[in-house]
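Coordinate-derived values only; no laboratory data. Quick caveat, the model's predicted, so the values are computed rather than measured. Cβ coordinates were reconstructed from backbone atoms using ideal geometry, including for glycine residues, and neighbour counts include every protein chain displayed.
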Amino acid sequence: MEGGDGILIAPSLLSADFTRLREEVETVERAGADLLHVDVMDGHFVPNLTLGPFLVDAIRRVATVPLDVHLMIDEPARYAEAFVRAGASFLTYHVECAEGSPATAERIRRLGARPGVSLRPRTPVEALRDHLPLVDLVLVMSVEPGFGGQEFMPEVLRKTRALREELSYSGRVEMDGGIGPETVGACAEAGADVFVAGSAVFGAPDPAEAVRVLRARATGRAGRRR
Ligand code: DX5
Ligand code: ZN
């Protein structure tokens with residue numbers, strides 16, 4: 001699963017062509033994807049609906065790399081078991097949702113997946129304090145969750161930096177939203193090591209080249225902040 005110097009690239013299937021899902025998965029896996037990012041939306045926590053455990057299970061059956069499942073739903077604890085059974089390796093909930101308590105991280109861990117916690121662009125990192133000892137990953141949203149193809153919000157980079165420097169978080173820090181060749185370097189420099197990219201990969205004429213460029217630019221900038 002680990003790419004060069006610990007950097008992980010996670011193409012977001014939200015931007016894939018679902019009529020050709022198997023081919024899309026194979027294309028990005030051949031391109032060197034370390035994880036497949038799967039966006040789950042419930043129409044309550046965010047104003048959009050996507051997919052549930054049934055489709056995660058189908059994706060798992062065609063995938064060979066681990067699934068990184070991002071729950072943008074109000075009841076992650078309620079549905080955690082179904083997503084773990086469907087094949088989620090990382091299972092990430094939002095701190096702002098109705099069940100966004102540290103107990104959700106503990107539940108996900110007990111079910112056998114790796115818990116992650118995410119925060120919206122305007123939520124301060126201090127909100128994560130009680131979650132950090134319990135999670136393997138923090139997902140810093142760099143757009144308002146809900147849709148692919150939005151513009152990167154550079155003001156969230158200070159939160160990534162604060163997680164590493166002020167809160168001394170040593171787990172994975174993932175960034176999601178508007179990540180592309182022009183923004184991935186600043187994210188790596190701020191301390192992120194997992195990069196989600198939807199439109200930058202699936203919208204590229206050559207997805208394999210897009211993944212290679214993201215990895216090269218992230219690798220080139222990682223660790224510079226130290
Ligand atoms: C947005 C999702 C993202 C989305 C990113 O709510 O969490 O994972 O797919 O898409 P891009 O990379 O196009 O901004
Ligand atoms: Zn996502």
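Numbers for the structure displayed
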read-out: Among (1) farther than 20 Å from Arg114 by Cβ; (2) surrounded by fewer than 20 Cβ atoms within 10 Å (Cβ to Cβ) - the single one Phe45 does not satisfy; value: (2)
read-out: Verdict on Val156 being farther than 20 Å from Asp74 by Cα, outside any strand (DSSP E or B) and among the aliphatic types (A, V, I, L, M); value: yes
read-out: Hey, Pro145 in contact with a helix residue (DSSP H, G or I) (Cβ under 6 Å, 6 or more places away or on another chain), surrounded by 23 or more Cβ atoms within 10 Å (Cβ to Cβ) and not β-branched (Val, Ile, Thr) or not; value: no
read-out: Restricting the range 169-226 to residues that are assigned to a loop (DSSP other than H, G, I, E, B) and among the β-branched types (Val, Ile, Thr), the residue that is surrounded by the most Cβ atoms within 10 Å (Cβ to Cβ); value: Ile179
read-out: Every residue from the range 100-121 that is out of contact with any strand residue (DSSP E or B) (no Cβ under 7 Å at 6 or more places or on another chain) and under 15 Å from Phe45 (Cβ atoms); value: Ser101
read-out: Residue count, the range 121-133 (criterion: away from ligand 1 (no atom under 16 Å from the Cβ) and surrounded by fewer than 17 Cβ atoms within 10 Å (Cβ to Cβ)); value: 6
read-out: Qualifying residues in the range 19-60 (those that are among the small types (Gly, Ala, Ser) and without any contact (Cβ under 8 Å) to a residue 40 or more places away in the chain) - the one farthest from ligand 2 (Cβ to nearest atom); value: Ala58
read-out: Test: Ala16 is within 16 Å of ligand 2 (Cβ to nearest atom), more than 20 Å from Leu139 (Cα to Cα) and in contact (Cβ under 8 Å) with a residue 40 or more places away in the chain; value: yes
read-out: Pairs with Cβ under 9 Å, 6+ apart, first in the range 129-145 and of a type in the set (D, E, K, R), second near ligand 1 (Cβ under 8 Å from one of its atoms); value: Glu144/Val46; Glu144/Gln150; Glu144/Gly177
read-out: Scope the range 65-119; condition aromatic (Phe, Trp, Tyr) and in a strand (DSSP E or B); matching residues; value: Phe90, Tyr93
read-out: Residue within the range 156-177 that is out of contact with any strand residue (DSSP E or B) (no Cβ under 7 Å at 6 or more places or on another chain), within 10 Å of ligand 1 (Cβ to nearest atom) and either hydroxyl-bearing (Ser, Thr, Tyr) or at positive phi (or both) present; value: no
read-out: Criterion: within 15 Å of ligand 2 (Cβ to nearest atom) and under 21 Å from Leu128 (Cα atoms) - qualifying residue of Glu96, Glu75; value: Glu96
read-out: Residues of the range 17-56 that turn out to be in a loop (DSSP other than H, G, I, E, B) and either within 17 Å of Ile73 (Cα to Cα) or out of contact with any strand residue (DSSP E or B) (no Cβ under 9 Å at 6 or more places or on another chain) (or both), as a count; value: 10
read-out: Residue in the range 32-49 that is of a type in the set (S, T, N, Q), under 25 Å from Gly149 (Cα atoms), within 13 Å of ligand 1 (Cβ to nearest atom) and within 17 Å of the chain's Cα centre (by Cα) present; value: no
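Here is a yes/no grid of residues against (1) in contact with a Lys or Arg (Cβ under 8 Å, 6 or more places away or on another chain); (2) of a type outside the set (Val, Ile, Thr):
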site: Gly171; (1), (2): no, yes
site: Gly185; (1), (2): yes, yes
site: Ala192; (1), (2): no, yes
site: Gly203; (1), (2): no, yes
site: Val211; (1), (2): no, no
